[in-house]
Amino acid sequence: MKRTVSGFLLTALLALSACQRSSAFRQDQDYYRDQAGYYSRDGKTSATKRVESMGQPKKKVVVLDFWNDTPVKQDGLGSFASDEMRRGLFLTQRMIVPTDLRTDFTTEDFVQSDKGSGDQVRVAQLIREGRRMGVAVIAIGRIGKITFRQRGDDVGLLRQSQSFGAVDVEVKLFDVSSGREILSVGKSGEASANSMVAVENQNQQTAAFRAELTQLAVRDAVSQLVPEVIRSVEKLTWQGRVAKIVGGKLYINAGKGSGLIPGDIMKVLTSGEEIYDQSTGAYLGRAPGQLKGTIEVVDFMGGDGAVAEIHSGGNFQEGDIVQLY
């Protein structure tokens, strides 16, 4: 009897240990099956990609005052439209819209009218201005059409009047690093107002009233453009520049404000060469730069600057491009 009980206990212990081993083995199998590596290729996002996407550095975007290309000349309408765009982008907190950058240029300064082929953007000059300001993206805008209409009742001493204003607004974005256009899109905005008017004044509208109605329509159009701008900007690869080199330390024109963190490894590249069409002289963009080496962010300075040390390579120069490795 004792021998039988001992045999039963031994069998139970072996079965229990086998189950434990089997469970651990299954966990290992599940673990390796869930990893998206070179051999699995199951389409899942890798852990490194997920972590990278959690906090991409913010890109600096500058918006030039819009061009009011309509017969309706209202003072400050172009700057109002650009301010609405800046405000909309800033409120998202997904990019940097610098308030300390100043330029004397507006959108109109970079547009050349050609009766044969329409308006042409002076891309090379626009990109140079963007590089001078040290931004990733430069945006220009145009108000292409402004329309007013009014309707109301035909009877009564006091008549219900409804006024409408509509505008067409378009925006173009340019990637400063590559020198190419990345977005060209237009939207229409609308605004309306109701009022009671006397018979003799029903067709009278002040310039101030129309200006206010126009601004409301512009605000509506720009609010539709903001998501388009954000999507285009966030598709670009983030990059900064080497602002200064002192000894073995490199000072970068982006830091904590842009979303960099200590330990970030960045590659350093040459600026690349500007390419022009030899037959037409048209500016085609900037060729990719050559890799020089890598650096590591070790500290921050000022509102949005970083200090980096050399990891590999050399011959770094001020103005070189830096990108996350």
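Miscellaneous remarks
- Test set (1) in contact (Cβ under 8 Å) with a residue 24 or more places away in the chain; (2) of a type outside the set (D, E); (3) not in a helix (DSSP H, G or I) - I275 fails condition number: (1)
- Residue check, E212 in contact with a Leu (Cβ under 8 Å, 6 or more places away or on another chain), modelled with pLDDT of 85 or more and surrounded by fewer than 17 Cβ atoms within 10 Å (Cβ to Cβ): no
- Considering residues of the range 91-140 that are outside any helix (DSSP H, G or I) and of a type in the set (K, R) only, the residue nearest to G78 (Cα to Cα): R102
- Qualifying residues in the range 242-269 (those that are within 23 Å of the chain's Cα centre (by Cα) and part of a loop (DSSP other than H, G, I, E, B)) - the one surrounded by the most Cβ atoms within 10 Å (Cβ to Cβ): A254
- Here L236, L284 are screened, and the one residue that is assigned to a loop (DSSP other than H, G, I, E, B) and surrounded by 13 or more Cβ atoms within 10 Å (Cβ to Cβ) is L236.
- In the set (1) touching a Ser or Thr at 6+ places or on another chain (Cβ under 8 Å); (2) closer than 25 Å to R286 by Cα; (3) at pLDDT 90 or above; (4) not β-branched (V, I, T), the condition left unmet by G88 is number (2).
- Residues that are within 20 Å of A287 (Cα to Cα) and either touching a helix residue (DSSP H, G or I) at 6+ places or on another chain (Cβ under 6 Å) or part of a strand (DSSP E or B) (or both), drawn from the range 306-325: I321, V322, Q323, L324
- Here M54 meets the list (1) at pLDDT 90 or above; (2) under 18 Å from the mean Cα position of the chain (by Cα) almost entirely, failing just condition (1).
- In the range 177-196, the residues that are assigned by TED's automatic domain parsing to the domain that holds V229 reach residues that are surrounded by fewer than 14 Cβ atoms within 10 Å (Cβ to Cβ) with C-beta atoms within less than 6 angstrom, at least six apart or across chains, in these pairs: N194/Q162; M196/L158.
- Hey, L291 in contact (Cβ under 8 Å) with a residue 12 or more places away in the chain and either buried (at least 17 other Cβ atoms within 10 Å of the Cβ) or within 25 Å of V97 (Cα to Cα) (or both) or not: no
The values are calculated or read from the model by the stated rules, or taken from the named source; none is laboratory data. Everything quoted here is computed from the prediction, not taken from an experiment. Virtual Cβ from ideal backbone geometry, glycine too; neighbours counted across all protein chains shown.
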